[in-house]
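The values are calculated or read from the model by the stated rules, or taken from the named source; none is laboratory data. Only a predicted model underlies this, so the values are computations on that prediction, with no experimental measurement involved. With ideal geometry, Cβ positions are generated from the backbone for all residues, glycine too; neighbour counts draw on all protein chains shown.
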Amino acid sequence: MLFIMGITQGRKDFETNQLMTCSLCGAYGRYNVFMTYTVLSLFFIPCIKWGKRYYVETSCCHTLYELVPEIGKRIARGEDIKIRQEDLTRVMDGRSSVKVCQNCGYMTDEDFDFCPKCGKRL
Ligand SMILES: [Zn+2]
Ligand SMILES: [Zn+2]
């Protein structure tokens, strides 16, 4: 018997209409909430989901935050929850464009054209 298995990364966006003043760029923006997860598919049918993580991206400068799971789960259930600054951990600053080397995973926010570690084009 042949099993066709696949592991893929999924993403789900949630509708929120929460307005805020961005603490980074000072503009009025909106929080876009989304969840990422890993899915195991059998015969191309997703059957197990795990490793759920919740993120928030600001609509102004696209700064990425990780959201505490408790709040994320409640938003996923459709509850109207106010996201507070304390619930967020900054993952990526939208203003600095972080480049990640596809070859070795080296991360830099400098404006390099080539990876300083392995020499591949970024
Ligand atoms: Zn901003
Ligand atoms: Zn590299």
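In the condition set (1) at pLDDT below 90; (2) of a type outside the set (Asp, Glu); (3) closer than 24 Å to residue 9 by Cβ; (4) not in a strand (DSSP E or B), residue 78 is compliant with all but (1). Is it fair to say residue 59 is touching a Ser or Thr at 6+ places or on another chain (Cβ under 9 Å) and of a type in the set (S, T, N, Q)? For residue 59, the condition - touching a Ser or Thr at 6+ places or on another chain (Cβ under 9 Å) and of a type in the set (S, T, N, Q) - is not met. At least 3 residues being more than 19 Å from residue 80 (Cα to Cα), under 18 Å from the mean Cα position of the chain (by Cα) and touching a residue at least 12 places away in the same chain (Cβ under 8 Å) is the threshold, and among the strands (runs of 3 or more DSSP E) wholly inside the range 1-65 those reaching it are 5-14, 28-42, 45-58. Within the range 93-122, restricting attention to residues that are aliphatic (A, V, I, L, M) and closer than 24 Å to residue 54 by Cα, which residue is modelled with the lowest pLDDT? Here the residue is 98. All of 21, 16, 63 fail the test of being surrounded by 13 or more Cβ atoms within 10 Å (Cβ to Cβ) and either at pLDDT 90 or above or closer than 17 Å to residue 93 by Cβ (or both), apart from 63.
You will find that of 84, 90, the residue that is exposed (fewer than 11 other Cβ atoms within 10 Å of the Cβ), basic (Lys, Arg) and under 21 Å from residue 54 (Cα atoms) is 84 and no other.
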